[in-house]
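The values are calculated or read from the model by the stated rules, or taken from the named source; none is laboratory data. Being a predicted model, the structure only gives us computed values, none of them experimental. All Cβ positions, glycine included, derive from the backbone under ideal geometry; neighbour counts span all protein chains shown. What goes into the accessible areas is simple: the full protein's heavy atoms, side chains included, and nothing from ligands, DNA or RNA. Shrake-Rupley method; radii C 1.70, N 1.55, O 1.52, S 1.80 Å.
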Amino acid sequence: MNALGKAILSFWQSSIGKKLIVAVTGIILVGFLIAHMTGNFLVYAGREAMNDYAYFLHHFLHGAGIWLFRLVLLGAFILHIVATIELTRQNRIARPKRYEHDDTVQASKSSRIMIVSGLTVLGFVIFHIFHFTIPVSAELRDLPDPTDPDRKDVYLMVIKGFQNPLVVLFYIVGVSLLCSHLSHGIASIFQTLGLRSEKTREAIRKLGWAVAIILWLGFLSIPVLVGTGAIEDSGPSEGSHASVQTEGAES
Ligand code: HEM
């Protein structure tokens, strides 16, 4: 093995190396979530805005952009999961029973909860990809944009995708678990990067909660508003605007 290979291996084998990997990949994943939630808000701007955005994402750098982005996202996701599991395993082996006291038991309980909520998020993401990215439901497949049949009607796919109350319920559970994972995980990133002191501990804890709550509200607003009928498709003839059912808008 060459020197670089050895350095990478010893970085991976060290506990701090894996913690850094979890923290850095966590930053990438939180960054993705903030960007994805912001992009999703275009549903409120209507069909044209949402479909323009999806078209841009799929054609950026002649279509190579989205694959580059998927590669980074998938790599970050896999490394985040594998490093967390390895860290927990390593800690369990390294911790002698006689040193177990309340703090250690608490820490291992919380890392177990992080692993369980993290793996549930993995299940949610797999479902979500088969819901919207590679729709398995015939109803959500092959939806051309009425103003440009060469483009996908992502807007209609989202509206139709949340018509089923069970799907909405699944999203509520999945996103809630994701955000509970984040409420703890964001503060841990600061700790791993040495950015948390006794003085800033409380502020960072609150920041973690604030980001998690904003993401929770932002992501869930769409399935809940569509699922309850507060937002519905205004129909191809009206073109580009979602109708928000506030004052008896026409159907
Ligand atoms: C709850 C509200 C959400 C809505 C309305 C939504 C909407 C969408 C849509 C429409 C796509 C497909 C885009 C396209 O093919 O053009 C997509 C893809 C994706 N979403 Fe979401 N999403 C939501 C929540 C989430 C959450 C919470 C996560 C992460 C845990 C997530 C992760 C992803 C991923 C990884 C992709 C695949 C990106 C790709 O490679 O194409 N989404 N989402």
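Report summary: the helix-based calculation at 222 nm, which adds -39500 (n - 2.57) for every DSSP H run with n ≥ 4 and divides by the residues of the chain, gives -23500 deg cm²/dmol. Since only L220, F127, G17 are under comparison, the one whose Cα sits farthest along the positive direction of the charge dipole of the chain, derived from C-beta charges on Lys, Arg, Asp and Glu, is G17.
Centre-to-centre separation between the Cα atoms of region 8-44 and those of region 187-237: 15 Å. Ordering L182, M114, L140 by Cα displacement along the dipole of the chain toward the positive end leaves M114 in first place; charges were set at the Cβ atoms of Lys, Arg (+1) and Asp, Glu (-1). Site pair M1 and I28 shows an inter-label distance of 2.1 nm when each label is modelled 7 Å from Cα along Cα→Cβ. Using a ≥ b ≥ c from the Cα gyration tensor of region 3-244 (square roots of the eigenvalues), is it rounded, prolate or oblate, where a/c under 1.5 gives rounded and otherwise the larger of a/b and b/c decides, a/b for prolate? Since a/c reaches 1.5 and a/b is larger than b/c, the shape of region 3-244 is classed as prolate.
Roughly how big is region 3-244's charge dipole about its Cα centre, with Cβ charges of +1 (Lys, Arg) and -1 (Asp, Glu), in debye to the nearest 20? Write down the numbers at each step before the final one.
Numbers: 21 positive and 17 negative charges, 347 e Å.
Around 1660 debye, computed over region 3-244.
What does the C-alpha gyration tensor say about the overall shape of region 1-69? Classify as rounded when a/c is under 1.5, otherwise prolate if a/b is larger than b/c, or oblate. Could you put the intermediate results ahead of the total?
Values: a/c = 8.58, a/b = 2.26, b/c = 3.79.
Because a/c hits 1.5 or more and a/b fails to exceed b/c, region 1-69 counts as oblate.
If you roll a 1.4 Å probe over region 121-183 with all protein chains in place, what percent of the accessible area is carbon or sulfur? Each step should come with its number before you reach the end.
Working: 2270 of 3230 Å².
The C+S portion of the solvent-accessible surface of region 121-183 is 70 percent.
Considering only D148, D233, D52, the Gaussian network model of the chain with Cα springs below 10 Å gives its largest mean-square fluctuation to D148.
Placing a label point 7 Å from the Cα of F41 along the Cα-to-Cβ line, the residues of region 194-216 whose backbone N sits under 16 Å from it are 211-216.
For R151, the residues 5 or more places off, or on other chains, whose built amide H falls under 5 Å of its own are D145. Annotated for region 3-244: lysine pairs at least 8 residues apart or interchain, Cα distance under 29 Å, count 14.
Extending 7 Å from the Cα toward the beta-carbon at both I213 and R112 defines two label points whose distance is 2.9 nm. Ordering of 79-90, 191-202 by packing is 79-90, 191-202, highest average first (other Cβ atoms within 10 Å, averaged per residue).
If R0 is taken as 35 Å, the Cβ-Cβ distance between I172 and R205 corresponds to a FRET efficiency of 0.90. Solvent exposure of region 3-244 amounts to 59 Å² per residue of accessible area, where only protein heavy atoms count and the probe is 1.4 Å.
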